[in-house]
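Quick notes on the structure that follows.
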Amino acid sequence: MRRRSTLTPTTFLVAVNILVYVYTSVVGGNFIRTEYGVLLQFGQANSNVLSGSYWQLLTSIFVHVDITHIALNMLFLIIFGLRAEELFTTEEYFFVYMFSGLAGSLLTLFLMAPNTVSAGASGAIFGMYGAGIIYTRKTFGQSIIGAGVNVVAHFGGLAAGLIIGYALAKSRRDMFWIEDY
């Protein structure tokens, strides 16, 4: 039985994301939540990108807003990344991750307001998920049309969850001090 290396593409990316989070926490002086100035510098501030800070389209893929954000993103990176490791070569894996993350950043730039500030690996992680789903279906000779199982229901559930979460947060606002960006 061949022994698998502990430094896989997934473990490498999880480590890089965590190291970037630790760095931004130290720079901002807050481990729980990334300071707004740090997000403006290392995340994707659309106005900055439009003014020439194009590198933010890539750095934002590794910057996270708070401890919960990175924890959940890394959980899903592990889930979808380990599966992608079984399907793709290392080069293909990194290409899917980086290209999907860049595509998410570009859509954010072109579809969101200039004052939008964003960060996170979600675009890259969803790209891994999508590539894995389509690759698997196509490999087994299945139609790729069925891979997008009721996208309307997914968006409807997401919208409902966002609305309910907002309403719950607003109703409990007096219980917590919340710093808005």
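Laid out as a table, the results:
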| quantity | calculated |
| --- | --- |
| Single match in 25, 47 (criterion: out of contact with any Asp or Glu (no Cβ under 7 Å at 6 or more places or on another chain), at pLDDT 95 or above, exposed (fewer than 15 other Cβ atoms within 10 Å of the Cβ) and assigned to a helix (DSSP H, G or I)) | 47 |
| Residue check, residue 161 modelled with pLDDT of 65 or more, of a type outside the set (S, T, N, Q) and under 20 Å from the mean Cα position of the chain (by Cα) | yes |
| Output for segment 100-122, where each listed residue is assigned to a helix (DSSP H, G or I) and either over 16 Å from the mean Cα position of the chain (by Cα) or within 18 Å of residue 83 (Cβ to Cβ) (or both) | 100, 101, 110, 111, 122 |
| Filtered residues of segment 52-101 (kept if under 15 Å from residue 10 (Cβ atoms) and without any contact (Cβ under 8 Å) to a residue 40 or more places away in the chain) | 75, 79, 86, 89, 91, 92, 95, 96, 100 |
| Exclusive hit being of a type outside the set (Phe, Trp, Tyr), part of a helix (DSSP H, G or I), in the same structural domain as residue 133 (by TED's automatic domain parsing) and within 26 Å of residue 7 (Cα to Cα), set 40, 72 | 72 |
| Segment 50-69, residues that are within 20 Å of residue 108 (Cα to Cα), assigned to a helix (DSSP H, G or I) and among the β-branched types (Val, Ile, Thr) | 59, 61 |
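The values are calculated or read from the model by the stated rules, or taken from the named source; none is laboratory data. Because the structure is predicted, anything quoted here is derived from the model rather than measured. When we count neighbours, we look across all protein chains shown, and the Cβ atoms used for this are built from the backbone with ideal geometry, even at glycine.
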